[in-house]
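Shown next, in structure tokens, is the structure this report addresses.
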Amino acid sequence: MIRLTRSATCLRRFSFLAVLLLLCLMGPAGILPVSGETAETGELYLTILHTNDEHSAMIPHSPAVDFHPEMADPTIGGYARLATAVQQIREKKAEAGEPVLLFSGGDYTGGSPFSWLIPEGIPAQLAIMHLIGYDAATIGNHEYDYGTAVLARYLQAAGYPEANAKTVLLASNTVPPPEHPLAEIFRQKHLIELENGLTVGLFGLIGQDAISVANSPEPVEFTDQHETAAVIAKELKEEGADLIVALTHSGVEEDRELARAVPEINVVVGGHCHTALTEPVLEGETIIVQAGSMLECLGVLELAFDPESEKVRLRNGTEKPYLLPIDDKLELHPQVSEALAGYTAELNALIARRTGGRFLNIMDTVAWCDFEIPDTPPLQETPFGNFVADAMRLVTSQKIGQRVDFALQANGSIRGSLSPGSLEHSYSKVSFYDLADLIGLGVGPDGQAGYPVVSLYLTGEEMCRVLEVAVLLEQMLGNTYYLQFSGLRYDYNPRNGILFTVPGLDLPVPSTRAVVRAERYTGEGRQGTGSESYVPLVRGDKELYNLVTDSYILSFLPMIGEMLPMLKLEPKDSTGNPVPIEELDKLIVKVDGEELKVWQTVIEYAAAQPLNDQGVPQIDPYYAAPVGRINQAWSIPFLIWPILILLALIALVIFLIRRASRRKSARRMLLESEESKT
């Protein structure tokens, strides 16, 4: 009884103190604070929304032909859906007084046919990003696809440098010449003071790998990303930043290196490697996030900042995912949809001009196909790689009116698998948009979108070297530089590609004997899978063969001989005369005075497929799987042969020595025997 009375007294005292504390927290108006600062800890809350590698994927896709505004569909992405997701999160957070920032990790251009509007001076991507309310973005390698002069005009058309007040463009380790328009547009750093008292310091970086694959960044130069980040992070702290956020276009591994080198960075919003991180990567106390590509997801990062300790913690937890799918569950934002309709009309007009009126709408059906044509697995021959290479060889041959022997294309220019429509309204359809989306990168000297096809001549010996180079590229540079071929097939031993690498120089010494068998196709049309119409492609062959590729790949061919003289490739004209590097543009294929683009060959090849029972082009099942053009042949590594030969020579010497010794012993025994008889 006494124990119960004491408990009740303690409970009453605790209740009184709790009520008193609550009244103090409520303040004069009797309302709990909703500024985003928690009463218990004094933390400041912030939500960061982020995307990266949007690649002009402005409408729902994969495939776009499946999209239907009034029905459920499997398409992903689209800025109208993204705008709805962003608006919903902003409204929800506003009710709690929590600020929201929206960032891009770069490469918002390049990719889909919407990027073809860039050389036309139509800033569709950034105009929509302004409409959605992006706070900041960095510059990726694909922003340089059309060169810095076109990029500057594009950004000026989007309202820059004044538009930095809407979406600040951060390029901290990018150094344009002082007189270049980009020097006035790009910003090195930026401070955002939020309503809850939190100050966020921003800067942007492009990484080493992204720089190495940028198409035409000249005359822009780049500084070391770690040194730049260290200097700017320090400056932002001195200017009052509580939270340091780096927008990077570098890839996760380079982001981790950055976090180790500059631990003052609190958050890295990354891009470039197209990784959808379902959870942040933690490197020390730095939080690294990335949201895949093509607007498949919206990254959602909920943070809490402690002003006293200056520590940042994650708030998402298990019930709040870091990636929000952008799919048909999200309604289309009406204002963004209206703006997209206008840019789609601009694109339709451009396509009509570029195809001579053959196609009038991005959703026009080019061909029918009842299977997927994959661009996978990596580092292997792929069905879609074969389709693209065949298109380049056969359509170019038709355009120039002469035989093209070989074609090659790199996986890095092939942006995905071809998926036909899968719904009732779209079944088996391959739209112009879905096909061009996969092979529409680059620009030619004419300033028009798309890499142009180039036609050059190499000897049979040089074509054998090309195959050896293909093995080296696979082993040294990975899937982006893996080459797909048309007009030949070959077997190679991956173990024989590189003998060894010179220490300190990181220079490989190729064996030049990785390819164990190569054959060229001598028949007409698409190459077959049997043995007919194939003849050996042999070393030492001095005959000239016509090879087509694109202008981007052509620009690298002369560099191979500079690095590896034993694999020198010298582009020639049809008479065998070498073409100087400064005159390589002369090799561009032109039809009626206009550059023939890679994407045009692919569109025309699809439209020229055999007609089905309904009288429409149907893509041949030949392209459903690999057909044995590139084959690994596992045999004894080339480096082992000298060792085996050396061992054989040693064994022979030992055998001869032993035989001579035995003969000498036999003669001695014979002499001793004869002496004993006498």
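The values are calculated or read from the model by the stated rules, or taken from the named source; none is laboratory data. Treat the numbers as computed from the prediction; the structure is a model and nothing was measured. A quick note on method: Cβ atoms are made from the backbone with ideal geometry, for glycine too, and the neighbour counts reach across all protein chains shown. The accessibility values were calculated without ligands, DNA or RNA, using every heavy atom of the protein model including side chains. Shrake-Rupley method; radii C 1.70, N 1.55, O 1.52, S 1.80 Å.
Within region 228-247, can you find the residues that are open to solvent by 10 Å² or more (accessible area, probe 1.4 Å), of a type in the set (Gly, Ala, Ser) and under 16 Å from Gly207 (Cβ atoms)?
Ala230
Assuming Thr275 fulfils every condition listed in (1) within 18 Å of Ile139 (Cβ to Cβ); (2) within 22 Å of the chain's Cα centre (by Cα) apart from one, which condition is it?
Tallying (1) within 18 Å of Ile139 (Cβ to Cβ); (2) within 22 Å of the chain's Cα centre (by Cα), Thr275 fails exactly one: (1).
How many of the residues making up region 87-105 are under 25 Å from the mean Cα position of the chain (by Cα) and either of a type in the set (Gly, Ala, Ser) or surrounded by fewer than 24 Cβ atoms within 10 Å (Cβ to Cβ) (or both)?
Total meeting the criteria: 3.
Within the bounds of region 47-64, is there any residue that is more than 18 Å from Ile326 (Cα to Cα) and surrounded by 24 or more Cβ atoms within 10 Å (Cβ to Cβ)?
No, the conditions are met nowhere in region 47-64.
When residues of region 133-146 are filtered for being more than 18 Å from the chain's Cα centre (by Cα) and open to solvent by less than 10 Å² (accessible area, probe 1.4 Å), how many remain?
2
Within region 361-390, track down each residue that is among the charged types (D, E, K, R) and either part of a helix (DSSP H, G or I) or within 19 Å of the chain's Cα centre (by Cα) (or both).
Residues satisfying the conditions are Asp375, Glu381, Asp390.
Can you find a residue that is within 24 Å of Leu44 (Cα to Cα) and either without any contact (Cβ under 8 Å) to a residue 60 or more places away in the chain or surrounded by 24 or more Cβ atoms within 10 Å (Cβ to Cβ) (or both) anywhere in region 252-262?
Yes, region 252-262 contains at least one residue that is within 24 Å of Leu44 (Cα to Cα) and either without any contact (Cβ under 8 Å) to a residue 60 or more places away in the chain or surrounded by 24 or more Cβ atoms within 10 Å (Cβ to Cβ) (or both).
Look through region 558-583, keep the residues that are assigned to a helix (DSSP H, G or I) and in contact with a strand residue (DSSP E or B) (Cβ under 8 Å, 6 or more places away or on another chain), and return whichever of them is least open to solvent (accessible area, probe 1.4 Å).
By that ranking, first place goes to Leu567.
What's the total number of residues in region 46-74 that are touching a strand residue (DSSP E or B) at 6+ places or on another chain (Cβ under 9 Å) and either of a type in the set (A, V, I, L, M, F, W, C) or assigned to a loop (DSSP other than H, G, I, E, B) (or both)?
Number of matching residues: 13.
How about region 182-199: which of its residues are part of a helix (DSSP H, G or I) and surrounded by fewer than 18 Cβ atoms within 10 Å (Cβ to Cβ)?
The answer is Ala183, Glu184.
Which numbered condition trips up Thr396, out of (1) more than 20 Å from the chain's Cα centre (by Cα); (2) open to solvent by 10 Å² or more (accessible area, probe 1.4 Å); (3) among the β-branched types (Val, Ile, Thr)?
Against the list (1) more than 20 Å from the chain's Cα centre (by Cα); (2) open to solvent by 10 Å² or more (accessible area, probe 1.4 Å); (3) among the β-branched types (Val, Ile, Thr), Thr396 comes up short only on (2).
Only one residue in Lys597, Lys586 is under 30 Å from Asp434 (Cβ atoms), at pLDDT 90 or above and either of a type outside the set (S, T, N, Q) or in contact with a strand residue (DSSP E or B) (Cβ under 7 Å, 6 or more places away or on another chain) (or both), so which one is that?
None of the others qualify; the one that does is Lys597.
Restricting to strands (runs of 3 or more DSSP E) lying wholly in region 243-295: which have 3 or more residues that are of a type in the set (Lys, Arg)?
Correct list: empty, since no element meets the threshold.
For Gly110, work out the one condition from (1) at pLDDT 95 or above; (2) in contact with a His (Cβ under 7 Å, 6 or more places away or on another chain) it doesn't fulfil.
(1)
Say whether the condition of being more than 23 Å from Ala64 (Cα to Cα) and either open to solvent by 20 Å² or more (accessible area, probe 1.4 Å) or in contact with a Pro (Cβ under 8 Å, 6 or more places away or on another chain) (or both) is met by at least one residue in region 106-119.
For region 106-119, residues more than 23 Å from Ala64 (Cα to Cα) and either open to solvent by 20 Å² or more (accessible area, probe 1.4 Å) or in contact with a Pro (Cβ under 8 Å, 6 or more places away or on another chain) (or both): present.
Taking the stated definitions as given, is Leu647 over 30 Å from Ala407 (Cα atoms), open to solvent by 80 Å² or more (accessible area, probe 1.4 Å) and either of a type outside the set (Asp, Glu) or at pLDDT 90 or above (or both)?
Taking the combined requirement at face value, the residue satisfies it.
Suppose we filter region 600-615 for residues that are at pLDDT 95 or above, open to solvent by 30 Å² or more (accessible area, probe 1.4 Å), outside any helix (DSSP H, G or I) and not small (Gly, Ala, Ser); how many remain?
So the answer is 2.
Tell me, yes or no, whether region 315-322 has at least one residue that is more than 30 Å from Glu594 (Cβ to Cβ) and either touching a Cys at 6+ places or on another chain (Cβ under 8 Å) or of a type in the set (A, V, I, L, M, F, W, C) (or both).
No, the conditions are met nowhere in region 315-322.
With the checklist (1) under 21 Å from Leu101 (Cβ atoms); (2) among the hydroxyl-bearing types (Ser, Thr, Tyr); (3) surrounded by 23 or more Cβ atoms within 10 Å (Cβ to Cβ) in hand, flag the one item Tyr154 doesn't pass.
(1)
For every residue, the table says whether it meets (1) of a type in the set (Gly, Ala, Ser); (2) surrounded by 15 or more Cβ atoms within 10 Å (Cβ to Cβ); (3) assigned to a helix (DSSP H, G or I).
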| residue | (1), (2), (3) |
| --- | --- |
| Val336 | no, yes, yes |
| Ala339 | yes, yes, yes |
| Gly342 | yes, no, yes |
| Asn348 | no, yes, yes |
| Phe359 | no, yes, no |
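Taking the residues in region 530-551 that are among the hydroxyl-bearing types (Ser, Thr, Tyr) and touching a Leu at 6+ places or on another chain (Cβ under 8 Å) as candidates, determine which candidate is nearest to Gly444 (Cα to Cα).
Per the criteria, the residue is Ser551.
Can you pull out the residues in region 346-390 that are farther than 26 Å from Ala625 by Cα and of a type in the set (S, T, N, Q)?
Those that are farther than 26 Å from Ala625 by Cα and of a type in the set (S, T, N, Q): Asn348, Thr355, Asn361.
Can you tell me how many residues in region 265-291 are of a type outside the set (A, V, I, L, M, F, W, C), surrounded by fewer than 24 Cβ atoms within 10 Å (Cβ to Cβ) and under 20 Å from Ile211 (Cα atoms)?
Of the residues in that region, 2 qualify.
Look through Gly78, Gly97 and report the one residue that is touching a residue at least 60 places away in the same chain (Cβ under 8 Å), small (Gly, Ala, Ser) and touching a Ser or Thr at 6+ places or on another chain (Cβ under 6 Å).
Gly97
Over 30 Å from Glu583 (Cβ atoms), of a type in the set (S, T, N, Q) and modelled with pLDDT of 95 or more: which single residue out of Ser486, Ser455, Ser426 fits that description?
Just one listed residue meets the conditions, Ser426.
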